[in-house]
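A short write-up of the structure that comes next.
Any read-out appearing in this document is the output of simple, stated calculations on the displayed coordinates, not a laboratory observation. Predicted, not measured: the structure shown is a model, and the values here were computed from it. Glycine also receives a Cβ, built like all others from the backbone with ideal geometry; neighbour counts cover every protein chain displayed.
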Amino acid sequence: MIFNTGSGGYVGSVDAPPLSGSTPNTHTTLAFDGSGHLTTVKVYPGSSTTALRTDTYTYSGDAIASITQGASTVAYT
């Protein structure tokens with residue numbers, strides 16, 4: 001795994017080592033809000049620009065309020 005720094009010093013992306021050649025097997029991007037909460041995770045195959053999966057997180061204070069995975073959303077109250 002290759003961890004790349006993103007904004008605010010958080011992990012911005014992670015690349016899984018290639019099976020062969022120089023294109024990563026998967027490329028995962030992470031986004032954080034100003035409070036350091038993880039807000040979005042996207043997983044891409046190789047060098048594609050189309051995500052295989054996108055997970056989005058919202059927060060109420062420091063607690064997760066909802067998680068959206070594709071078309072499904074779970075809310076925590």
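The 3J(HN,Hα) values that the Karplus relation (6.51, -1.76, 1.60; θ = phi - 60°) gives for the stretch 57-69 are, in residue order, 10, 10, 10, 10, x, 9, 8, 5, 9, 7, 10, 10, 10 Hz. Gly and Pro appear as x. Between amide H atoms placed 1.01 Å from N, distances below 5 Å from Thr39 occur with Ala31, Phe32, Asp33, all of them 5 or more places distant or on a separate chain.
Averaging the sequence gap over all C-alpha pairs within less than 8 Å and six or more residues apart, then dividing by the number of residues, gives the chain a relative contact order of 16 percent. By the Stokes-Einstein formula, at 1.306 mPa s and 10 °C, the chain with its Kirkwood radius over alpha-carbon pairs has D equal to 117 µm²/s.
Here the stretch 35-56 is scanned for amide nitrogen atoms under 12 Å from the site 7 Å beyond the Cα of Asp62 along Cα-to-Cβ, giving 36-37.
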